[in-house]
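Have a look at the structure below, then the notes.
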Amino acid sequence: MKRLDKMIALLLVLALVGCGSAPQQGAPQEGSSGAVQDQQENPAEDTQSQAGDVQSQAADKSVYMDAGQDVEARVEALLAQMTLEEKLAQMVQPEQAGITSDDVRAYGFGSVLSGGGSAPAKGNSPEDWQERVNELKAAALETRLGIPLLYGVDAVHGNNNVYGTVIYPHNIALGATGDTKLVERIGAAAAEEVRAMGIQWTFAPTLGNPQNERWGRTYECFSEDPEEVARFGAAYIRGFQGEPGTEQYLDERHILACAKHFIGEGYTADGVNQGDVAMTPEEFDALLESGVIDPYTAALNEGVRTVMVSFHSVDGVKCHENRHLIRDLLKGKLGFTGLVVSDYNAIQQLSGATYKEQVRQGIEAGIDLFMEVYVWQDFLRCARELVEEGSLDEALIDDAVRRILRVKFEAGLFEEEIGGSAEQEMLSNVGSEEHRELARQAVRESLVLLKNDSVGEKTALEALREAENIRVCGQKAYDLGSQCGGWTITWEGRTGAVTRGTTIIEGIANQVMPEKTLTHDVQGEVLPENDAVIVVFGETPYVESGGDRTEASLAMAEGDRQMLEHLKESLAGQGKQDIPVIGIIVAGRPIPVEAYLEDFDALIMAWLPGTEGEGVADVLFGEYDFTGRLQYTWVKTPADIAEKFNEGNADRILFEKGYGLNRSGERLESF
Ligand code: GLC
């Protein structure tokens, strides 16, 4: 779907910028296709002939290929030899689905990505990925200068594009654990399942702190509180990259992280994705100073070397053209010396009247690497014309390329052994039991117990443990896809058996059968012999703007609502109001449940647990207690969201941030 969306966008862009026919993805076209400006008698030929001369010269690799030299010396020695074309090629990041290894040889791209769901044409196994990634990386080494390729993916909860990898709980669940050490371990394990395929970069973690759960990306964020986001973001980065200053930092078992999306994405009006933060620049600067900048200073202190700019705008100005935020704040005041990458085709949303103007705006604002996934030839042509006609200072190009080369040298890419023994060993460990156990621990620790009322002489959860004939209701009890949520195998995620894993009901069966009888019903029908009910409900998968909701549409899935209604009727019809009913919510955010609260004797928020659903059974039936706490203020109705942080809002709040119970019903200590 995402790829289709993008192809449509590509055709629109081509129409808009008059780029003529879609650029032929392949060997470099001679001269411009006349797309952006009329072909002019320009010095391009001279430049090209000069470039042609240089292009034919053998590179002097004596310094930049010497790992004993310091990074800055290697950067300058390489930069000094680069033609304008070679520099610009380092600044563009095509989508792997739209290029060939011949394109990599011909252009020498700095980076390539797999967008959400963009698997190799051959297949979606770890081996297929390793083959494709390393084919493109090998091609890059055949260019004149042999600058290694940086390959990026959205490994946001494990190496989630790839079939058979371990899918961890999304960040909203990891924040609920309160356990930054665990998150660091998850980052390290996920890094190995990424590096196993030759991929060196993840576009993670997201450092937003959502103020409005109508936003479709709420589940990608650890907390509404920027200080919590700072703690967890730094931990994840440490796991992905290794500890700065140690041998492990950016070694062959670790990957580059990416602090995203810079900055303030959780404050858009009504939580609209890519929307506008309705503040003046002065008010926004004050908001950043109040703490919203802290996750990024923590990330920089943790040695993050890439930052991705956000789609949204502030006071109507898109972040991707906001020089004040990128150049003055991030690169200036915060002193960031790594690379800044744009988001997916994001400069095509800028205020410039033509694509060429948008390219200029992005470069002048301080973006170094452009994720212009299908229009990369237009990007290269526009950028070259801007420099050659004198409307863009080549010093800006040099700064961008310095940063890209610096990160590549720091990450050891020039010394990388493609498909080496470490990679092969990690490949054999993809989806390992060790990693699954880690994910299962995260599921356990993320569960938030919201209520556990008495049923007779016991609490509901005690009664459940003693039950002999348990009914599990709801389609989400056996839906791995809903458990994993968005960014799983496909960009949007989907319901069903999307990858290898354990559903919630399979986990329960593993722990209680054959001693207990366990049956399942999607509609919420109970049987006369049942003495306990577990009902699983919530949201079906979504991603980015696809997850944006209005006040009216922020709700559990309609099928689940009907199932809960039927369950109520069935219990009444069977005269079984005395058996414990345990509700388990599978959703990417707090959803309206107040209307159903009294129907549950116990209620658990399980978030989006990922592939290791048995973590739920571990706490329901095993020796583990509940430790999870809410990182978000949970309101009674969506209409209460806008006011939830205002003074005197108590009557709008269902569960406050930090809320969570243990099985004895005691309130857990807040974060
Ligand atoms: C998406 C997201 C960003 C992701 C990028 C590459 O649109 O905004 O988080 O890293 O594109 O897939």
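The values are calculated or read from the model by the stated rules, or taken from the named source; none is laboratory data. Not measured: the values here are computed from a predicted model. Neighbour counts run over all protein chains shown; Cβ positions are idealised from the backbone, glycine included. The protein model used for the area step is the full one, side chains on, heavy atoms only, and it has no ligands, DNA or RNA in it. Shrake-Rupley method; radii C 1.70, N 1.55, O 1.52, S 1.80 Å.
Quick rundown of the values:
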{"quantity": "Measure of compaction for region 338-382 (Cα Rg per 2.2 N^0.38 Å)", "calculated": "1.01"}
{"quantity": "Ranked packing of 414-425, 256-267, most packed first, by mean Cβ within 10 Å", "calculated": "256-267, 414-425"}
{"quantity": "Förster radius 30 Å - calculated FRET efficiency between Glu437 and Glu415 (Cβ-Cβ, nearest 0.05)", "calculated": "0.35"}
{"quantity": "Net charge of Cβ neighbours under 10 Å - reference Glu417; Lys, Arg +1; Asp, Glu -1", "calculated": "-4"}
{"quantity": "Ellipsoid semi-axes in whole angstrom, largest first, where each is sqrt(5λ) of the Cα gyration tensor of region 424-529", "calculated": "30, 17, 14"}
{"quantity": "Anisotropy class of region 339-464 from Cα gyration tensor, a/c 1.5 cut", "calculated": "oblate"}
{"quantity": "Region 161-233-region 393-464 distance, computed between alpha-carbon centres (Å)", "calculated": "7"}
{"quantity": "Accessible area of region 51-109 divided out per residue, in Å², using a probe of 1.4 angstrom", "calculated": "39"}
{"quantity": "Dimensionless Rg/Rh of region 229-305 - Kirkwood Rh, Rg from C-alpha atoms", "calculated": "1.09"}
{"quantity": "Descending principal axes extents, region 447-655, alpha-carbon based, whole Å", "calculated": "47, 41, 33"}
{"quantity": "13 Å beta-carbon shell around Ala572, net charge (K/R +1, D/E -1)", "calculated": "-3"}
{"quantity": "Simple label model, 7 Å out from Cα along Cβ direction - Glu364 to Gln574, nm", "calculated": "7.0"}
{"quantity": "Kirkwood Rh in Å, taken over region 47-428 so that all alpha-carbon pairs contribute", "calculated": "20.8"}
{"quantity": "Label-point separation in nm, Arg561 to Ser391, each point 7 Å along Cα→Cβ", "calculated": "5.2"}
{"quantity": "Relative contact order (%) - criterion: Cα under 8 Å, at least six apart; region: region 569-660", "calculated": "25"}
{"quantity": "Accessible-area order (highest first, 1.4 angstrom probe) of the listed residues Arg360, Arg195", "calculated": "Arg360, Arg195"}
{"quantity": "In Å², nearest 10: area of Lys576 left accessible to a 1.4 Å probe", "calculated": "30"}
{"quantity": "Beta bridges by DSSP in the chain, antiparallel share as percent, to the nearest 5", "calculated": "25"}
{"quantity": "Kirkwood Rh, Cα atoms: Rg over Rh of region 244-285", "calculated": "1.28"}
{"quantity": "Cross-link reach list, lysines versus Lys516, counting only Cα pairs under 20 Å and skipping chain neighbours closer than eight places", "calculated": "Lys458, Lys576"}
{"quantity": "Anisotropy class of region 537-671 from Cα gyration tensor, a/c 1.5 cut", "calculated": "rounded"}
{"quantity": "Mean accessible surface per residue for region 536-671, computed with a 1.4 Å probe while every protein chain stays in place, in Å²", "calculated": "38"}
{"quantity": "Cut-off 17 Å, label 7 Å out along Cα→Cβ of Thr495, residues of region 550-569 by amide N", "calculated": "555-567"}
{"quantity": "Heavy-atom accessible surface of the chain: percent carbon and sulfur, 1.4 Å", "calculated": "49"}
{"quantity": "Inter-site label distance for Asn662 and Arg465 at 7 Å from Cα along Cβ, in nm", "calculated": "1.3"}
{"quantity": "Filter on Lys87/Lys181; Lys260/Lys644; Lys181/Lys260; Lys61/Lys333 - keep pairs with C-alpha separation over 32 Å", "calculated": "Lys87/Lys181; Lys61/Lys333"}
{"quantity": "Mean-position separation - Cα centroids, region 624-671 and region 93-110, in angstrom", "calculated": "48"}
{"quantity": "Fraction of antiparallel bridges per DSSP, region 447-655 only, in percent to nearest 5", "calculated": "30"}
{"quantity": "Rounded to 5, percent antiparallel among DSSP beta bridges of region 531-671", "calculated": "20"}
{"quantity": "Where only alpha carbons of the chain are counted, the Rg and the Dmax (Å)", "calculated": "26.1, 90"}
{"quantity": "Loop sites in region 501-553: GluC sites (Glu not before Pro), DSSP, at most 15 other Cβ within 10 Å", "calculated": "Glu515, Glu529, Glu551"}
{"quantity": "Gained length - Asp70 relative to Asp251, 0.36 nm times residue gap less alpha-carbon distance", "calculated": "63.5 nm"}
